[in-house]
Every structure is written in C-alpha cells, then in structure tokens.
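Heads up, the thing below is written out as structure tokens.
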Amino acid sequence: MAILAPSILAADLSNLAQQIRLTEMGGADWIHCDVMDGQFVPNLTFGPIIVDAVKRSTHLPVDVHLMIRNPDKLLENFIKAGANYLTVHYEEVVHLNRTVNKIKELGCKPGVSINPSTPVQSLEDIAEYVDLVLLMSVNPGFGGQSFIPNVIKKIKELVILRKKLNANFLIEIDGGIDNKTILPALKAGVDVFVTGSSVFNSDNVTAATAELKNILKANS
Ligand code: DX5
Ligand code: ZN
C-alpha cells in the first residue's frame with residue numbers, strides 16, 4: 001500500500017500537535033521531518049528537539065530527512081529523539097556504508113537521498129543496505145517548489161536497480177507532490193510520498209490529506 005508522509009516544514013509549528021492530528025485524521029501514514037542546517041542547503045529549520053516533539057504528538061512512524069553537513073555527529077541525537085527512519089544525503093557522506101551501519105546499530109532504519117542532478121547509478125553499491133531511497137524531486141532547501149519531471153525517469157531506473165540487486169528498500173519521493181504530480185510518480189513505482197505545502201498550506205489539512213490518500217488508494 002502506498003504511504004503518505006506529510007512534511008511538517010509547511011505546518012503551523014505554533015500548533016504542531018494539532019496540525020499532526022489534522023493530517024492523521026486525513027489518513028497520513030508517516031510524519032516527515034526536514035532538518036536543514038543552513039550549510040548543506042540554504043535554509044535553517046530545526047533539530048532533535050522538534051523531532052522529539054513530533055514523536056510525542058503521534059503514533060505514526062517519524063521519517064527524518066537530514067539535509068545537514070557531517071550528519072554522523074548527530075545520528076544518535078535524532079534516533080534518541082524518536083526517528084524511525086533516518087535519511088542522509090549521498091552527496092554529503094563520505095563513508096556512507098559506515099554511516100548506514102551505524103544507524104542500524106542504533107536500532108533505526110537507514111535511508112539515503114540523492115539530489116535531482118545525482119544519477120541513480122551512484123547508489124549501486126549502497127542501495128541493498130538501506131531501508132529507504134529518497135529521490136529529491138526538487139532541489140532541497142525549501143517547500144512549495146515545482147516538481148522536476150526528470151525524476152520520473154529516475155524512479156523507473158531505481159525500480160530496475162532494486163530488482164537487479166534483489167533488494168527491498170522503499171522508494172520515497174520528495175518535493176512538489178500534489179494532486180497532479182502524485183499519480184505519475186505512483187505509476188512509475190514510488191512507495192512513499194512526501195507532501196508539504198499541498199497539505200499544510202491548504203484551507204483544510206484533513207481534506208487535503210484525504211484527497212491525496214484517496215488518489216493513492218484508487219490507483220494502487
Ligand atoms: C525540501 C524538503 C521537502 C519539502 C516538501 O528540501 O525536503 O520535504 O518540505 O515540500 P513541498 O511538498 O511543499 O514541495
Ligand atoms: Zn524532505
């Protein structure tokens with residue numbers, strides 16, 4: 001079953017627990033947390049303290065997306081804060097195999113993300129060791145950007161790579177997912193759909209979540 005993971009980046013953080021409850025009522029499956037350090041990406045968001053607040057506000061899996069320099073320093077902090085999935089960027093981590101093993105040792109599910117310009121083939125020697133591959137469909141750093149259509153080709157390449165490696169990682173897409181872009185991504189082979197502004201910038205968070213969830217249900 002396709003998984004919907006609203007990102008709290010676009011949520012009203014002064015009402016975090018309520019915003020999470022509203023999207024849960026619409027059928028959200030995971031909660032996505034965008035951690036940005038103003039270095040790896042030109043924006044600054046939040047750290048383990050907010051991940052902890054999310055964890056205490058939901059029973060859903062917490063999906064943490066690290067867009068930070070040197071994430072190895074903070075793996076334990078995010079896992080202690082309650083991350084169920086912890087994703088680092090391929091472009092940032094030099095010893096990725098070691099980092100993935102460390103996340104597993106700490107009892108969390110590792111993920112690896114690639115930017116729009118990074119080829120899927122880069123993942124050939126790491127993909128079988130992770131639980132999640134996150135394809136960025138926007139340049140990371142901000143919500144509300146337009147979906148980059150080239151990622152549809154990358155989804156299909158990743159489906160082929162997963163088969164070739166006999167691996168079972170989930171394919172996650174992130175950036176510009178709305179009621180128009182979600183279906184082509186589903187048809188190309190995506191399992192997990194991050195969606196920020198199309199849910200939390202809507203007039204009705206619950207209805208906007210349910211609309212995307214119903215598109216997934218009707219076409220899965
Ligand atoms: C961007 C983040 C995304 C973003 C998605 O760097 O990784 O998770 O919040 O937001 P929308 O759905 O508005 O593109
Ligand atoms: Zn994200």
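The values are calculated or read from the model by the stated rules, or taken from the named source; none is laboratory data. A quick note: this is a predicted structure, and the numbers were derived from the prediction, not measured. Virtual Cβ from ideal backbone geometry, glycine too; neighbours counted across all protein chains shown. All accessible areas refer to the heavy atoms of the entire protein, side chains included, with ligands and DNA or RNA removed. Shrake-Rupley method; radii C 1.70, N 1.55, O 1.52, S 1.80 Å.
On the accessible surface of the range 6-143, probed at 1.4 Å, how many percent belong to carbon and sulfur atoms? Show your work: numbers first, answer last.
Working: 2890 of 5870 Å².
Using a 1.4 Å probe with all protein chains present, the range 6-143 comes out at 49 percent carbon and sulfur.
Quote to one decimal, in nm, the extra length available between Asn166 and Asn43 on full extension: 0.36 nm per residue of separation minus the C-alpha distance between them.
Extra length available between Asn166 and Asn43 comes to 40.6 nm.
Keeping all protein chains in the complex and leaving out DNA, RNA and ligands, what accessible area do you get for Ser57 with a 1.4 Å probe, in Å² to the nearest 10?
40
Over 15 Å, how big is the tail of the calculated P(r) for the range 1-70, in percent of all Cα pairs? Walk me through the intermediate numbers first.
Details: 1224 of 2415 pairs.
So the portion of pairs separated by more than 15 Å is 51 percent.
What FRET efficiency, computed as 1/(1 + (r/R0)^6) with R0 = 25 Å and r the Cβ-Cβ distance, is obtained for Tyr129 and Glu91, rounded to the nearest 0.05?
0.90
Cross-link candidates for Lys164: which lysines have Cα within less than 27 Å, leaving aside residues fewer than 8 places away along the same chain?
Lys164 reaches Lys102, Lys104, Lys109, Lys153, Lys154, Lys156, Lys187.
For a quick check of your reading of the filter: which trypsin sites (Lys or Arg not before Pro) in the range 106-172 sit in a DSSP loop and have no more than 11 other Cβ atoms within 10 Å?
Within the range 106-172, no trypsin sites (Lys or Arg not before Pro) qualify (loop, at most 11 other Cβ atoms within 10 Å).
For the range 96-161, report the translational diffusion coefficient in µm²/s to the nearest whole number, using Stokes-Einstein at 20 °C, 1.002 mPa s, and a Kirkwood Rh over Cα pairs.
It diffuses with D of about 166 µm²/s by this estimate.
Evaluate the distance, in nm, between pseudo-label points positioned 7 Å from the Cα of Asn219 and of Leu13 along their respective Cα→Cβ axes.
3.2
Treating only the Cβ atoms of Lys and Arg (+1) and Asp and Glu (-1) as charged, compute the dipole magnitude of the chain about its Cα centre; round to the nearest 20 debye.
Around 380 debye, computed over the chain.
In Å², and per residue, what accessible area does the range 1-150 have when probed at 1.4 Å with the other protein chains present? Mind dumping the intermediate values first?
Numbers: 6540 Å² over 150 residues.
On a per-residue basis, the range 1-150 sits at 44 Å².
Does the range 39-102 come out rounded, prolate or oblate by the C-alpha gyration tensor, with a ≥ b ≥ c the root eigenvalues, rounded set by a/c under 1.5 and, if not, prolate when a/b is larger than b/c and oblate if not? Can you show the working numbers first?
Numbers: a/c = 2.26, a/b = 1.44, b/c = 1.57.
Oblate, since a/c reaches 1.5 and b/c is not below a/b.
Using 10 Å bins from zero, what percent of all Cα-Cα pairs in the chain falls into each bin?
Bin by bin from 0 Å, the calculated values are 8, 37, 40, 14, 0.
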